[in-house]
Amino acid sequence: MRESVLERLTNVHPDLEIWWDSSPLVFQSWLGKMLERAPAARRAELEEQLSRIYVVGDPASSLVRGCTTNPPLSLAAVKNDPKFWNEWIDDLIASNPGLAQYDYYWLTYKEVIRRGAKMMLPIWEASGGRYGYTSGQLDPRLLTDTERMIKDAQEIRAIAPTSWSRCQPAPKG
C-alpha cells in the first residue's frame, strides 16, 4: 500500500485537520468521477488512496476530520442524487404548502447539512468531540441583515447540537 500525500502529511503532523470542502453526501460520486478520469494504469492505486479520505463503512478511520459546506456546495449534493431529492422536495412542498421559494430552499439546505453531519458523527464520537464537525455556512446575500444571520446560524447549529456543542456563541457585551 502506497500512502497518499494526505496520509504522509498526517504522519508528519498527527493533529493535522483535513476537511472535506463539500457535503459528504457527494463523496462517493466525486470518488467515482475521479477514478473515471484517472489513467487506467494508476486507477487501482488512486482508488485505494482516495477511498481512505472518507471511509464510508468506517467513517472514524477516515483522513478527513471535518467538512464545510455552503449553499452552492449543497446544491451540488442535491443535483448529485436528483431522484432522491426530487421526491424529498415534493414531500416538503406537499407537507408545507404556501411557503416562499426561499423557505423551501432553506429547509432543503438544512436537510443536506443534517444528512452530512450524520455522516460525520462517527468521527466526532471516535475523537471524543475533537473532530467530526460540520460547518454549514450562511447565505452571503444576507450579509447586512445581522438579525437574520444570527437566526440562521442558530438554526444551523441546532441541526446537530451534540456534535456542535462546543460552538457556543460569543457572550454579548
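The values are calculated or read from the model by the stated rules, or taken from the named source; none is laboratory data. Here the structure is a predicted model, which means the values were calculated and not measured. Cβ atoms come from the backbone with ideal geometry, glycine included; neighbour counts cover every protein chain shown. Please note that ligands, DNA and RNA were not included when accessible areas were found on the heavy atoms of the full protein model with its side chains. Shrake-Rupley method; radii C 1.70, N 1.55, O 1.52, S 1.80 Å.
Tell me which residues, restricted to the stretch 151-161, are in a helix (DSSP H, G or I) and surrounded by 14 or more Cβ atoms within 10 Å (Cβ to Cβ).
D152, A153, E155, I156, R157 - these are the residues of the stretch 151-161 that are in a helix (DSSP H, G or I) and surrounded by 14 or more Cβ atoms within 10 Å (Cβ to Cβ).
So, L73, is that one assigned to a helix (DSSP H, G or I) and at pLDDT 95 or above or not?
Here the answer is no, as L73 does not meet what is asked.
Might you check whether a residue that is outside any helix (DSSP H, G or I), within 18 Å of I159 (Cβ to Cβ) and at pLDDT 95 or above occurs anywhere in the stretch 97-117?
Step one: of the stretch 97-117, the residues outside any helix (DSSP H, G or I) are 97-100.
Retained after the next criterion (residues that are within 18 Å of I159 (Cβ to Cβ)): none.
No, the stretch 97-117 has no match at all.
Filter the stretch 120-129 for residues that are closer than 21 Å to Q154 by Cα and touching a residue at least 40 places away in the same chain (Cβ under 8 Å); which is most open to solvent (accessible area, probe 1.4 Å)?
My answer is L121.
Which residues, taken from the stretch 130-142, are in a loop (DSSP other than H, G, I, E, B) and modelled with pLDDT under 90?
Of everything in the stretch 130-142, just one residue is in a loop (DSSP other than H, G, I, E, B) and modelled with pLDDT under 90, namely D139.
Read through the list (1) open to solvent by less than 80 Å² (accessible area, probe 1.4 Å); (2) in contact (Cβ under 8 Å) with a residue 12 or more places away in the chain, then give the number of the only condition that I93 fails.
Going through the list (1) open to solvent by less than 80 Å² (accessible area, probe 1.4 Å); (2) in contact (Cβ under 8 Å) with a residue 12 or more places away in the chain, I93 breaks only (2).
Within the stretch 32-88, take every residue that is touching a Phe, Trp or Tyr at 6+ places or on another chain (Cβ under 7 Å) and of a type in the set (S, T, N, Q) and give me the one that is surrounded by the fewest Cβ atoms within 10 Å (Cβ to Cβ).
T68
Could you tell me whether the stretch 86-104 includes any residue that is among the polar types (S, T, N, Q), farther than 23 Å from Y133 by Cβ and within 20 Å of the chain's Cα centre (by Cα)? Write out each step before concluding.
Let us first name the residues in the stretch 86-104 that are among the polar types (S, T, N, Q), namely 86, 95-96, 101.
Right, trim to farther than 23 Å from Y133 by Cβ and you get 86, 95-96, 101.
Within this subset, residues satisfying the condition of being within 20 Å of the chain's Cα centre (by Cα) are 86.
Scanning the stretch 86-104, I find at least one residue that is among the polar types (S, T, N, Q), farther than 23 Å from Y133 by Cβ and within 20 Å of the chain's Cα centre (by Cα), so the answer is yes.
Can you find, within the stretch 29-43, the residue that is farthest from V78 (Cα to Cα) among those that are among the small types (G, A, S) and not in a helix (DSSP H, G or I)?
Only one residue tops the list, namely A41.
From the set of residues in the stretch 136-150 that are under 21 Å from G116 (Cα atoms) and not hydrophobic (A, V, I, L, M, F, W, C), which is most open to solvent (accessible area, probe 1.4 Å)?
P140
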